[in-house]
Amino acid sequence: MKCVWVVPKGQLEPVVLPCDLVQQDDDVQSEAAVITHLKPSPPLPTLEGKSLLTSELTDQQIVTRRQLIAGTVQLSIGISLKRSAPTCNRCGNQDKEQFAMFDCYWCGRNECLYCRSCIMMGKVTTCTPLVHIPITEPFPKTRLNWHGLLTDAQKRASNQMVEILQHRTDNELLVWAVCGAGKTEMLFPLIIEAIDQKKTLLIATPRTDVVLELIPRIRQAFPNLRSIALYGGSEERFQSAPLVISTTHQTRRYFQYFDVVIIDEIDAFPYHYDKSLRFAVNKAAKPSAKFYYLSATPPQSLIKKLKTNNQIAMINRRYHGFPLPVPSLKWIGDWRSYVERGKLPPKLKAWMNRQERESDRQLLIFVPSINVSERLESIIARKDIICVHSQHAKRKEIVEAFRHKQYHCLITTTILERGVTFPSVDVFILGAENDVFTIAALVQIAGRAGRSLEDPKGDVLFLHDGTTIAMKQAVKQIKRMNER
Amino acid sequence: MRDEQLLYCQKPIDEQLSWDTLLRREYRRFCYACSQQMIWINALHCSRCYRPQADSSVCLDCVRWEKSTYWSNKLSRNVSLLSYNNWAQDFVARFKFRRDVVLAKAFEQELKRMYARNFNQHLIVPIPLSEKRMIERGFNQSEVIARCIRTNITDVLIRVIHEEKTSKKLRWQRVAGRSRPFEVTDRKSVMLKNVVLVDDIYTTGATVRKAATVLLEAGATSVSSMTLFRS
Ligand SMILES: [Zn+2]
Ligand SMILES: [Zn+2]
Ligand SMILES: [Zn+2]
Ligand SMILES: [Zn+2]
């Protein structure tokens, strides 16, 4: 029997219930999972800084009533229409495909719209009043528990970040740092400055893996600063804190809450082209907020925009001072037909054998699709070789186990291309000719190798069935970064 | 421009194109993974209630219903589209409890076909919700399903007492209850008509039989039911 987190009707606090005890009017908050995977103590809900449905407020309705009358909370309609183009005022969705019309009993109209984009957080319809609750949060005297040193390059970038927060003129900065430049540590001075100024911070990143990797490091560095991690299925979804590390998706839950917004991997999927996420991040930020964009491969448009005002901080070297590993291109023929026939492509096999013989490192193999990752896993059928992808139920556990060296090799789709670090790996890309491996993706993936001071090197192989422009460009970019 | 998405899975359609799912009928509504988990009730099922089983005899549940003098001959038969498995539970959770109303459209074709094959010309009567539930949910899932079949439906039932909390009772305790939760608002419209009730799930068959009872009393010639799922 699996269990879920639910907020029972009329209650504010979520509780864990076995699935067979869930009633129809309970607000289900999580995926069904075995009890061992659900934390035993309930998360404490905080409403501050949120856009909420009144159904989420039941127990505090008296407070809200008073606040509405006093004008301290704002009310808006769920979905507004401008010349018949709808916008969801909670998640910012403007994609017509993501709205559906239904015969609504509440407003008695058969053309009431609802938003399908954020329906998992409760249904927002045209006739739904949305409550926007502002924030008051305690800020501690910051204490930094980190004894490392920043390199000169890191220090320079870090200072630039802090300066923007101290002076009012600029409100954007691009931090252009090679993979493995030590971005997290560079943020520490900025976090200290922000908290001292009683400012709220958001670190938004496209991937759950990155949130999970960042949060323990931040908590260790700032033991007395309350910070929360938000991602799909996170138990901290109801809380607020001065420092929030969130997937871009989950920032939808906020309304004009953050003074400092740090957007990791500005060029990354899905932030790069999903307008609704851009809206979400902008809505979560106060109008006066400062924006920091972090990227190893920033989009040209952003570079152009910020170059003129000197709003770019550059870090060309990794924190350990060694150059980035340069990928080698290896032709391995029609690998796909082997995989489809349930066979291991012989050239891939040879490269894997050689890696195992000659290198002490673990191996990351990137593949173009979930299907290939799963097929490859079953073809190789070795206990110490496992695949992981965005649809994988045990994704978190597997990545953790790989980090603890319980597997020799991890086969992955591009979900791991960014942010996630392993100290000592060689990296193969199988099918590097595939369109999913853009220049940015290839540079990022290559950047997974040689991350630690103990092992600053690592082999990167693009195994392909025909060289692409993206592959050549990626190699060129990496070489260029190494020259600077 | 955003890619066109699957109605249910909300994944871009073209992700599916590379593998062998093109010809499946779930295409454009469900992904390959979903279509693997959905169990359409085809040849083998109870001839009375569509319970999936190894042959097409009348199942024990139906035998028991028909043994009871009170309940026998209330419901002519039930017809369902899919087996109520884990996948179906997730679907219902999103459709009914998350209230993603448009999802019913995913089964529009199949519902229309099932109706035409089994109940052509029958009046379509959705199982109603109580006023209270209606206010909570904002729509009646059975009515939404019914309107997928045809916009012209006969919404003549009302629910006069609030549904019991069914989950707390055992299957057969529920069946024994002879409460009368339904009333017919317009008797004339069902007089001497064949009626098909529409609901989302057929679990024990108690709900549709209770509805059938009042419809027969109002003069309906026969009452059958069709549902999306059969558990
Ligand atoms: Zn929305
Ligand atoms: Zn409405
Ligand atoms: Zn699916
Ligand atoms: Zn039967």
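Each value in this text was obtained by applying a stated rule to the coordinates, not by laboratory testing. Note that the coordinates shown come from a computational prediction; the quantities given were computed from them, not determined experimentally. Glycine also receives a Cβ, built like all others from the backbone with ideal geometry; neighbour counts cover every protein chain displayed.
Key figures for this structure:
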item: Of the trypsin sites (Lys or Arg not before Pro) in the stretch A:356-463, those whose Cβ has at most 16 other Cβ within 10 Å and which sit in DSSP loop; result: A:Arg382, A:Lys383, A:Lys394, A:Lys405, A:Lys457
item: Amide hydrogen neighbours beyond the local backbone of A:Leu294, cut-off 5 Å, H modeled; result: A:Val175, A:Ile263, A:Asp264, A:Glu265, A:Ile266
item: Straight-distance crosslink candidates among lysines, where the alpha carbon sits under 24 Å from A:Lys290 and sequence neighbours closer than 8 are dropped; result: A:Lys50, A:Lys141, A:Lys155, A:Lys183, A:Lys198, A:Lys199, A:Lys275, A:Lys304, A:Lys305, A:Lys307
item: Calculated P(r) of the stretch A:152-315 - Cα pairs past 24 Å, %; result: 27 percent
item: Computed FRET value (nearest 0.05) for B:Glu136 with A:Glu358, which takes r as the C-beta separation and R₀ as 45 Å; result: 0.10
item: Amide H contacts of A:Val460 (H built 1.01 Å from N, under 5 Å, at least 5 apart or other chain); result: A:Ser328, A:Val427
item: Pairwise label distance in nanometres, B:Gln37 with B:Thr151, each label 7 Å out on the Cα-Cβ vector; result: 3.5 nm
item: For B:125-138, mean number of other protein chain Cβ atoms within 10 Å; result: 2
item: Burial ranking of peptide ranges A:97-110, B:196-209 (average Cβ count within 10 Å, highest at the top); result: B:196-209, A:97-110
item: Relative packing of A:203-211, A:474-482, which averages over residues the other C-beta atoms within 10 Å, highest first; result: A:203-211, A:474-482
item: Virtual spin-label span in nm between A:Cys107 and A:Ser84, 7 Å along Cα→Cβ; result: 1.6 nm
item: Inter-probe distance in nm under a simple model that places probes 7 Å from Cα toward Cβ, at A:Ser301 and A:Lys347; result: 3.7 nm
item: Residue exposure sequence - A:Ser117, B:Ser57 - by fewest surrounding Cβ within 10 Å; result: B:Ser57, A:Ser117
item: Semi-axes of the equivalent ellipsoid for the stretch B:30-230, Cα gyration tensor, largest first, Å; result: 24, 21, 18
item: Cα pair distances of the stretch A:82-224 binned at 10 Å [whole percent]; result: 9, 27, 24, 20, 15, 5, 0
item: Net lengthening on full extension, A:Gln197/A:Asp334 (0.36 nm per residue, minus Cα-Cα); result: 43.5 nm
item: Two-decimal ratio, the stretch A:328-483, of alpha-carbon radius of gyration to 2.2 N^0.38 Å; result: 0.97
item: Long-range tail of P(r) for the stretch A:272-376 (Cα pairs > 22 Å, %); result: 61 percent
item: Built amide H within the under 5 Å cut-off of B:Arg48, gap 5+; result: B:Cys59
item: Backbone HN-Hα couplings from phi across the stretch A:460-466 [Karplus 6.51/-1.76/1.60, Hz, Gly and Pro as x]; result: 10, 10, 8, 8, 9, 10, x
